[in-house]
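Colleague: Okay, handing you the structure first.
The values are calculated or read from the model by the stated rules, or taken from the named source; none is laboratory data. In this text the structure is predicted, and so the values were computed from the model without any measurement. When we count neighbours, we look across all protein chains shown, and the Cβ atoms used for this are built from the backbone with ideal geometry, even at glycine.
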Amino acid sequence: MTEEAGPSGSERPGGRTQRLPAAERRAQILRVARDLFVQEGIERTSLRRIADGAGITPTAIYDHFADKQDLLAAIAGDFLDGLIVAMQEEPADPADPLDRLRALGRGYVRYGAGHPHEYRLVFMTTLPAFSPVPGHRAPPDADPVCPPNKGMQSFGVLEAEIARLLELGLLVPGNRHAYADALWATMHGIVSLLITHAHFNWTPVDELVATATDMLLCGISVPGRRI
């Protein structure tokens, strides 16, 4: 469907803005909002500022998003969809039951480092003026009836693999939540450093992830199964 310049003013006066299909306009608004949120801060970025960057009138944004919170949720949701796919599709050695955990780490780090703006917003930004958006872990007293957000779904991929390895007897019996927290914290630390210190002479990513994961596994794998 093609976006029209109707009463809401989807084009600026003078017709300078190119008309785009609705899906393309939505993607453009998300790109502009993402970059401005990172560069200027979420609270300092208004919908009018985003509209200026996209070359449309502020009212045109409401054809696609209800408010700034809706924009943030869309950016986070799209990013997390891709992150989950990247983790699940990263190939692993079928002969090594522990390699699936390494693969999840590789997928996480590759995708996160490859999408630095989105990663900063979802996992490296404090959002004091907003309720949690997808990507932020629900508090312990969250309503259990509510479905898990996409952030918890991506974390759940790690937790499910930890649970599988515990059931197979490959890990020392322990708190699977703590094991998953430790793995996520390790991978998050790698991505954060790759983003903020990109010019450091890092070990190649795959080797770095494998080393970090194996160091963790050395502490929790059962005797005789240690790396």
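Colleague: So, in the stretch 170-227, of the ones that are assigned by TED's automatic domain parsing to the domain that holds Leu98 and of a type in the set (D, E, K, R), which residue ends up surrounded by the most Cβ atoms within 10 Å (Cβ to Cβ)?
Modeller: Ranking the candidates gives Arg176 first.
Residue by residue, here is whether (1) modelled with pLDDT under 95; (2) not hydrophobic (A, V, I, L, M, F, W, C) holds:
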position: Arg110; (1), (2): no, yes
position: Ala113; (1), (2): no, no
position: Tyr119; (1), (2): yes, yes
position: Ala129; (1), (2): yes, no
position: Phe200; (1), (2): no, no
position: Val209; (1), (2): no, no
position: Ala212; (1), (2): no, no
position: Gly224; (1), (2): yes, yes
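Results for (1) within 30 Å of Ala103 (Cα to Cα); (2) assigned to a loop (DSSP other than H, G, I, E, B); (3) under 17 Å from the mean Cα position of the chain (by Cα), shown as yes or no for each residue.
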position: Val32; (1), (2), (3): no, no, no
position: Leu36; (1), (2), (3): no, no, no
position: Ile42; (1), (2), (3): no, yes, yes
position: Arg48; (1), (2), (3): no, no, no
position: Ala60; (1), (2), (3): no, no, no
position: Ala66; (1), (2), (3): no, yes, no
position: Leu72; (1), (2), (3): yes, no, yes
position: Ile75; (1), (2), (3): yes, no, yes
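Colleague: Going residue by residue through the stretch 20-34, is there one that turns out to be buried (at least 16 other Cβ atoms within 10 Å of the Cβ), touching an Asp or Glu at 6+ places or on another chain (Cβ under 8 Å) and farther than 23 Å from Ala113 by Cβ? Explain how you work it out, then say what you get.
Modeller: Going through the stretch 20-34, the residues buried (at least 16 other Cβ atoms within 10 Å of the Cβ) turn out to be 20, 25-26, 28-30, 32-34.
Subset that is touching an Asp or Glu at 6+ places or on another chain (Cβ under 8 Å): 20, 25, 30, 34.
Checking which are farther than 23 Å from Ala113 by Cβ leaves us with 20, 25.
The answer is yes; a qualifying residue exists.
Colleague: Let me ask something else. Quick test for you: out of Asp81, Asp93, pick the one residue that is part of a loop (DSSP other than H, G, I, E, B), at pLDDT 90 or above, assigned by TED's automatic domain parsing to the domain that holds Ser154 and of a type outside the set (S, T, N, Q).
Modeller: Details: Asp81 fails: part of a loop (DSSP other than H, G, I, E, B).
On inspection, the qualifying residue turns out to be Asp93.
Colleague: What pairs can you find where one residue is in the stretch 186-201 and at positive phi, the other is surrounded by 11 or more Cβ atoms within 10 Å (Cβ to Cβ) and not basic (Lys, Arg), and their Cβ atoms are less than 8 Å apart, with a gap of 6+ or different chains?
Modeller: If the second residue must be surrounded by 11 or more Cβ atoms within 10 Å (Cβ to Cβ) and not basic (Lys, Arg), no pairs are left.
Colleague: List pairs: first in the stretch 69-91 and of a type outside the set (S, T, N, Q), second surrounded by fewer than 16 Cβ atoms within 10 Å (Cβ to Cβ), Cβ under 7 Å, 6+ apart or cross-chain?
Modeller: From residues that are of a type outside the set (S, T, N, Q), the pairs are Leu72/Phe130; Ile84/Gln153.
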